[in-house]
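Take a look at the structure set out below.
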Amino acid sequence: MFRLFFGKLWKDKKNPSASKVMIIGVGNGGANVVDYMQVHGFEQAALCVCDMDASVVKHSKVQHRLLLGEKGLGAGNNPELGYKESIKKIHEIRTLIDQPHPEVAFIVACLGGGCGTGASPVVASECKRLGIKTIGVVTLPFEWEGEHKFHQAIAGLTELAKNTDAMFVLNNQYLLNHHQDLSMMDAFMHADDLVCAVIRRLIDNLLNFRKLQFR
């Protein structure tokens, strides 16, 4: 059971702004979700991406970007590498989060790969260390991505849950089972859209009710 209580977060309802809510996409999948939000006019929060792939960071459409690690070649489906390289950039992560110092941070990751799975708990931990209410919104892999990736996702989910106030877990395979006519590309876009919708609803609740309780 999770319970979160948010007090008076916004003094000006006309400009809830980005300074109070931050959405951080970690890893390639998380970055894709946040870019999707940017393209579709998501203006309710500051959007950020953190990834070990230099091309993903360079071509991201959001303003706040951070390359984790030094080589820029990605984590190679190795969560341990994602964890270690994010620890090396801990000061940069802290600066990225602390500049607007939001009251609420959403950590978005597609679990199962290397960077998102290994680095998202580190990013979440820094948010908590700064006194920010931290919510994880993550996806689990499709079955066709393999059993190994699924086990990595569960391990990453366990670590991320230790560093968040609440978790929302979306199973990609469930989407595919209920939309069997979707192509692989459409399935990923559908998952991005669902994550975006979940976060938008949560932020709307914060704005409208100023108190949000998760059970």
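Observations, loosely collected:
- Between the stretch 107-165 and the stretch 79-106, the C-alpha centres lie 13 angstrom from each other.
- Listed residue pairs exceeding 19 Å between alpha carbons, taken from Lys20/Lys58; Lys20/Lys133; Lys20/Lys84; Lys128/Lys162: Lys20/Lys58; Lys20/Lys84
- Simple label model, 7 Å out from Cα along Cβ direction - Ile87 to Val198, nm: 2.8
- Taking 17 Å as the cut-off, the amide N atoms of the stretch 130-157 that come nearer than this to a point 7 Å along the Cα-to-beta-carbon line of Asp98 belong to 130-133.
- Cleavage-rule hits (trypsin sites (Lys or Arg not before Pro)) in the stretch 57-119: DSSP loop, at most 10 neighbouring Cβ within 10 angstrom: Lys71
All of the numbers you see were taken from the coordinates with simple rules; none came from a lab. If you're wondering where the values come from, they're calculated on a predicted model, not measured in any experiment. In this analysis, Cβ positions are derived from the backbone assuming ideal geometry, glycine residues included, and neighbour counts consider all displayed protein chains.
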